[in-house]
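Structure record follows, encoded as structure tokens.
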Amino acid sequence: WLVSDSNPDGEYPYKFPLDKTALIMIDFQRDFVCPGGFGETLGNKVEDLQKALQPARNVLKAVRALKMPIIHTLESHKSDLSDLLDNKFTRGELPDFLRIGEELDLGRILIRGSCGNNIVDMVAPQPGEYVVFKPGKGAFFKTHFYELLKDLDITHIMVAGVTTEVCMQSTVREATDRGFEPLIISDATMSYFERYRQQTIEQLVAQGALVAWSAESSTVVKALG
Ligand code: TIU
């Protein structure tokens with residue numbers, strides 16, 4: 001067991017068994033992180049999300065060196081939209097040309113295989129790493145994520161990705177309810193709204209890591225080193 005010096009409330013450090021821990025990289029896709037993508041077209045500042053890339057890359061490097069399992073997720077729909085629920089399609093006060101499946105500069109919005117749906121080069125999956133396409137915000141909904149974690153004998157997950165309060169938070173909450181021990185890598189997850197990132201992490205680690213732990217990427221890299 002390694003013990004990180006992550007200590008959200010001053011008395012409950014995160015302990016993880018190296019051989020049962022996976023790194024989860026959530027939705028680092030161009031649609032959210034790159035200029036011209038869906039996120040920017042909606043009026044968000046992608047530079048805010050890009051801040052997560054270097055910290056995430058640092059952890060990725062350390063985890064790759066240890067040959068720990070790495071699972072990348074993508075918020076992604078089939079091209080015929082058969083896995084897109086009505087509420088997700090219609091939610092938000094969006095003009096029709098910004099709905100999921102519409103064509104933007106980076107290809108069809110949130111459609112599997114389009115340029116914008118792919119993961120940015122800086123943290124792109126390498127051969128041997130796992131990729132989970134998910135139609136929802138959480139990684140467990142209508143995916144094989146749970147079965148994959150179980151097959152790999154994973155009990156602990158270290159989580160990076162975007163956005164903190166949407167897909168990261170949903171996934172972490174779902175993970176805890178399914179018996180996993182999640183650690184949020186606090187500077188490797190970002191939101192278009194910095195206060196949401198801070199509040200989300202604060203809420204999840206409250207009451208003795210009731211839902212999750214958190215630690216900075218440098219702490220995680222040190223614990224892995
Ligand atoms: N990956 C993820 O968080 N998807 C979102 O929908 N994020 C938003 O901030 N909308």
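The values are calculated or read from the model by the stated rules, or taken from the named source; none is laboratory data. Only a predicted model underlies this, so the values are computations on that prediction, with no experimental measurement involved. Counting neighbours? That spans all protein chains shown, and the Cβs are built from the backbone with ideal geometry, glycine included. Only protein heavy atoms, including side chains, enter the accessible area calculation; ligands, DNA and RNA are left aside. Shrake-Rupley method; radii C 1.70, N 1.55, O 1.52, S 1.80 Å.
Summary table below
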| quantity | calculated |
| --- | --- |
| Chain lengthening between residue 126 and residue 152 when straightened (0.36 nm per residue, less Cα-Cα) | 7.6 nm |
| Å² per residue, accessible surface of segment 97-225 at 1.4 Å | 44 Å² |
| Lys/Arg +1, Asp/Glu -1 at C-beta; the chain dipole; positive extreme among 132, 33, 163 | 132 |
| Extended-chain gain in nm, criterion 0.36 nm per residue less alpha-carbon gap, residue 193 and residue 102 | 30.3 nm |
| Accessible carbon and sulfur surface of the chain relative to its total accessible area, %, 1.4 Å | 50 percent |
| Too-long pairs where the Cα-Cα distance tops 22 Å, listed order kept, from 20/51; 45/137; 20/67 | 20/51 |
| Unit charges on C-beta of K, R, D, E only; dipole of the chain, Debye | 400 debye |
| Within the chain, helix-based [θ] at 222 nm, where runs of 4 or more DSSP H residues each add -39,500 (n - 2.57), nearest 500 | -8500 deg cm²/dmol |
| Most to least packed among 129-137, 23-31 [average Cβ atoms within 10 Å] | 23-31, 129-137 |
| The chain - percent relative contact order, Cα under 8 Å, separation 6 or more | 29 percent |
| Residue-by-residue Karplus 3J(HN,Hα) for segment 180-191, coefficients 6.51, -1.76, 1.60, Hz, glycine and proline x | 8, 10, x, 10, 8, 8, 5, 9, 9, 10, 9, 10 |
| Cα shape, segment 22-157, gyration tensor, a/c 1.5 rule | oblate |
| Relative contact order [Cα under 8 Å, 6+ residues apart], segment 95-225, whole percent | 16 percent |
| Simple spin-label estimate for residue 222 and residue 143 in nanometres, 7 Å along Cα-Cβ | 3.1 nm |
